[in-house]
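What follows is a short report on a single structure.
Nothing in this text is a laboratory measurement; each read-out follows from the coordinates by a stated rule. Bear in mind that the values here come from a model prediction, so they are computed numbers and not experimental data. We place every Cβ from the backbone using ideal geometry, glycine too, and count neighbours over all the protein chains shown.
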Amino acid sequence: MIVENEKIPFDINAIRAEFPVLKQKIYGKDLIYFDNGATSQKPQVVLDAINKYYSQENSNIHRGVHHLSQVATSHYEEARTIIQKYINAPLQEEVLFNSGTTAGINMVAFCFGELLTEGDEIVISAMEHHSNIVPWQMLCERKKCILKVIPMTKKGELEMDVFDNLLSNKTKLVAVSHISNSLGTINPIEEIIEKAHAIGAKVLIDGAQSIQHMKVDVQALDCDFYAFSGHKVFGPTGVGVLYGKKEILDSMPPYQGGGDMISKVTFEKTTYNTLPHKFEAGTPHIAGGICLGTAIEYLSKLDIDAIQKHEYELAQYAEQELLNIDGLRIIGTAKNKTSVVSFVIEGIHPFDIGTLLDKQGIAVRTGHHCTQPVMSFFEIPGTIRASFAFYNTKNEIDIFIKAVNRSLKMLR
Ligand code: PLP
């Protein structure tokens, strides 16, 4: 369990030693992993926890009387408590396990959506990931609701005065990302939450790109829902969390029907289980949940403020060095941004740079990053995106800059 205030000082070499994948060579070069926005690498404690679960504890949870089932159940529920404490959720049952951010948003769009009626409005932003656009479009089609979009400026900042005008007594939910995955903008979610609440709307925060970079306190934020993915926060793939306020979750119908989510089943009528089980039908990703707890416990021992500062400095340094390259343009120049540097280079397709960087051992992402409307807004096919985690270094950025220049020499 988390020991309060026992923080490990930020020591980059010690941190890097925890991540075996970083010791690899790719095409004979030291791996430089700058694709953390897509997924993060896993520390040894998480790898050990996965191995331990499958080699010593593997069992189904919540319904076994035997020893292994009880061990797995208690570790799964302990993981929920670790996550509850980390995000400062008031209640353990407000932390729902699912398969990731996409699953959490779809669940809210379906179940909260069931409470909406024709003409109700949902507000999202112009910089959302597809997983925070499409579920709302599907809901709007199903329930004849209206989707409104907060526009952004050419810097990649939300136009907050327009947001004010979008809100009305028809607005039922505002769903925005905390940090944009393609621009790195940190959105003013505190202001968004306050303004949405003032007119009685609920707020969902897509935290897929934030919880690994900064302290998240759902009570201080007062958000109604907060979704994130385990794999982006140094945990396994296929597991994630949706935090939701108890009274709202209680008011929503269940999502999927099946085992564990019921209280009593007869052919005439089924009654549902209490939270969190009501929204967790079927056998969950047990190893995933437990090991996400391990990842969050690991993160909780690090100094998150030092991590945030380190990643901010990396992003600033990368931008400053990239801007020396002829014809290079940074996409997303918001004042408040972090950890993501997206760019395009005149006359060069992002994919070509990505491929040549790969041959030099450097992993970046190229393309639209599941934000096609952002690419349309900037009138570009895609970007080259370097996204940093706390285990990245300035030295890696120096090698990356040289590699970009080398690639350009080949392409120009
Ligand atoms: N939201 C944002 C901002 C993201 O960056 C991502 C993934 O990149 C998602 C949602 C979807 O996350 P997942 O694919 O883990 O469900």
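Below, the figures for the structure above:
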quantity: Estimated FRET transfer efficiency when R0 is 60 angstrom, pair LYS335-GLU268 (beta carbons, to 0.05); calculated: 0.50
quantity: Mean projected area in nm² (Cα convex hull; one quarter of hull surface) for the chain; calculated: 21.1
quantity: Gaussian network model of the chain, springs between alpha carbon atoms under 10 Å - residue of THR117, THR271, THR383 with greatest fluctuation; calculated: THR271
quantity: Linear extension gain, VAL21 paired with HIS349, 0.36 nm per residue minus alpha-carbon span; calculated: 115.2 nm
quantity: Burial ordering of CYS140, CYS223, fewest other beta-carbon atoms within 10 Å first; calculated: CYS140, CYS223
quantity: Whole-angstrom Cα spans of segment 255-412 along principal axes, big to small; calculated: 71, 37, 33
quantity: Sequence of LEU167, LEU328, LEU411 once ranked by neighbouring C-beta atoms within 10 Å, starting from the fewest; calculated: LEU411, LEU328, LEU167
quantity: Within a Gaussian network of the chain (alpha carbon springs, distance under 10 Å), most fluctuating of ARG63, ARG329, ARG16; calculated: ARG63
quantity: Dimensionless Rg ratio for segment 143-282, taking C-alpha atoms and the 2.2 N^0.38 Å reference; calculated: 1.21
quantity: Relative contact order for the chain, counting Cα pairs under 8 Å that sit 6 or more residues apart, in percent; calculated: 23
quantity: In sequence order, calculated HN-Hα J values of segment 157-168 (Karplus, 6.51, -1.76, 1.60; Hz; x Gly/Pro); calculated: 10, 5, 7, 5, 5, 5, 3, 3, 6, 6, 6, 7
quantity: For the chain, with +1 on Lys and Arg beta carbons and -1 on Asp and Glu, the positive-most of ASN336, ASN60, ILE122 along the dipole; calculated: ASN60
quantity: Kirkwood Rh, Cα atoms: Rg over Rh of segment 206-314; calculated: 1.07
quantity: Fully extended contour minus Cα-Cα distance, from GLN137 to LYS155, at 0.36 nm per residue; calculated: 3.9 nm
quantity: Computed over segment 1-99, Cα set: Rg, Dmax in Å; calculated: 17.3, 52
quantity: Kyte-Doolittle at least -0.5, axis length at least 20 Å by Cα - qualifying DSSP helices, the chain; calculated: 67-87, 286-301, 394-411
quantity: Sequence-separation-based contact order of segment 137-210, relative, with Cα cut under 8 Å and 6+ spacing, percent; calculated: 29
quantity: Flagged links, alpha-carbon separation over 27 Å, of LYS7/LYS245; LYS85/LYS202; LYS7/LYS42; LYS170/LYS215; LYS143/LYS215; calculated: LYS7/LYS245; LYS170/LYS215; LYS143/LYS215
quantity: Calculated diffusion of segment 31-152, Stokes-Einstein form, Kirkwood radius summed over Cα pairs, 25 °C and 0.890 mPa s, µm²/s; calculated: 137
quantity: Residue among SER182, SER376, SER55 with the largest mean-square fluctuation in a Gaussian network model of the chain, springs linking Cα atoms under 10 Å; calculated: SER55
quantity: Inter-part distance where segment 366-393 and segment 326-361 are each reduced to a Cα centre, Å; calculated: 8
quantity: Cα gyration tensor of segment 9-49 - equivalent ellipsoid semi-axes, whole Å, descending; calculated: 18, 13, 12
quantity: Descending Cα extents along the principal axes, segment 49-118, whole Å; calculated: 51, 24, 22
quantity: Relative contact order for segment 48-98, counting Cα pairs under 8 Å that sit 6 or more residues apart, in percent; calculated: 20
quantity: Exposed GluC sites (Glu not before Pro) absent: longest stretch of the chain, with sites in DSSP loops and at most 13 other Cβ within 10 Å deemed exposed; calculated: 119-267
quantity: Neighbour-count ranking [beta-carbon atoms within 10 angstrom, fewest first] of LYS154, LYS245, LYS29; calculated: LYS154, LYS29, LYS245
quantity: In Å, descending, principal axis extents of the Cα set of segment 336-398; calculated: 33, 30, 19
quantity: Two-decimal log10 I(q)/I(0) for segment 103-196, as the Debye equation yields it once each C-alpha is a single scatterer, q = 0.26 Å⁻¹; calculated: -1.44
